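S.K.: My questions will all concern the structure given below.
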């Protein structure tokens with residue numbers, strides 16, 4: 001049964017920074033993919049191997065829009081990990097960017113009610129963690145508000161302000177299975193989370209937070 005917390009959030013996930021080997025190449029990919037407005041990029045000297053323990057997810061309006069984003073990603077150089085298909089929860093697919101980041105594009109709709117668009121309804125960072133309950137309580141202690149919680153399987157935090165990145169937790173092994181990749185991985189995460197509260201910390205699963213970066217300038 002889902003539960004809702006009543007505390008007021010003091011912290012929220014304000015930005016996502018991907019650490020990549022070649023920021024310019026990654027920027028070209030994400031621009032072609034259509035998600036460049038949602039991520040920051042920075043150069044990194046060391047890189048993770050295997051599963052990084054997270055996925056970035058786009059929730060969109062319908063299957064045609066899922067297909068459009070998947071096609072744009074593949075055309076720009078992404079690898080398909082799971083072809084877009086119907087599931088119990090709707091319709092979706094999984095791709096891996098050239099920099100190694102895994103993206104899931106999904107909709108709760110199983111039938112199209114309109115043409116494909118390039119609109120993203122929700123942008124979610126899903127962290128794969130060892131103990132969902134413990135990590136959830138850690139984030140509650142840091143001021144995040146729980147929006148949904150399903151025991152030790154899944155937790156989702158309220159995003160504030162409206163339109164901010166949504167943070168969710170999933171069991172690491174279950175997340176890897178859902179994405180179609182082995183759960184093994186080592187090295188740095190390849191991602192840094194921006195805190196709206198402006199403080200730096202590392203969570204129990206090794207995900208680093210820092211003061212949120214200012215919005216990226218709009219390309220001319």
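The values are calculated or read from the model by the stated rules, or taken from the named source; none is laboratory data. Everything quoted here is computed from the prediction, not taken from an experiment. Note that each Cβ is placed from the backbone with ideal geometry, even for glycine, and that neighbours are counted across all protein chains shown.
S.K.: Restrict the check to the stretch 189-198 and report whether at least one residue is at pLDDT 95 or above, assigned to a strand (DSSP E or B) and touching a helix residue (DSSP H, G or I) at 6+ places or on another chain (Cβ under 6 Å).
M.R.: No: the stretch 189-198 contains no residue that is at pLDDT 95 or above, assigned to a strand (DSSP E or B) and touching a helix residue (DSSP H, G or I) at 6+ places or on another chain (Cβ under 6 Å).
S.K.: Still on this model: So which strands (runs of 3 or more DSSP E) stay within the stretch 90-158 end to end and still have 3 or more residues that are under 18 Å from the mean Cα position of the chain (by Cα) and crowded, with 21+ Cβ neighbours inside 10 Å? If you could, list the steps in order and put the result at the bottom.
M.R.: Numbers: elements: 90-96, 102-107, 122-129, 146-150, 154-157.
Here the list reads 90-96, 102-107, 122-129.
S.K.: When you check residue 69 against the structure, is it within 29 Å of residue 144 (Cβ to Cβ), part of a helix (DSSP H, G or I) and either under 16 Å from the mean Cα position of the chain (by Cα) or modelled with pLDDT of 95 or more (or both), yes or no? Explain how you work it out, then say what you get.
M.R.: On the way: within 29 Å of residue 144 (Cβ to Cβ): yes; part of a helix (DSSP H, G or I): yes; either under 16 Å from the mean Cα position of the chain (by Cα) or modelled with pLDDT of 95 or more (or both): yes.
Yes; evaluated as a whole, the condition is true for this residue.
S.K.: Hey, another quick one. Within the stretch 74-89, restricting attention to residues that are at pLDDT 95 or above and assigned to a loop (DSSP other than H, G, I, E, B), which residue is nearest to residue 57 (Cα to Cα)?
M.R.: Of everything passing the filter in the stretch 74-89, 78 is nearest to residue 57 (Cα to Cα).
S.K.: Here is a follow-up. Could you list, in sequence order, all residues of the stretch 19-45 that are over 23 Å from residue 68 (Cα atoms) and under 15 Å from the mean Cα position of the chain (by Cα)? Can you show your working first?
M.R.: First, the residues of the stretch 19-45 that are over 23 Å from residue 68 (Cα atoms): 19-24, 41-45.
Hits for the stretch 19-45 are 19, 41.
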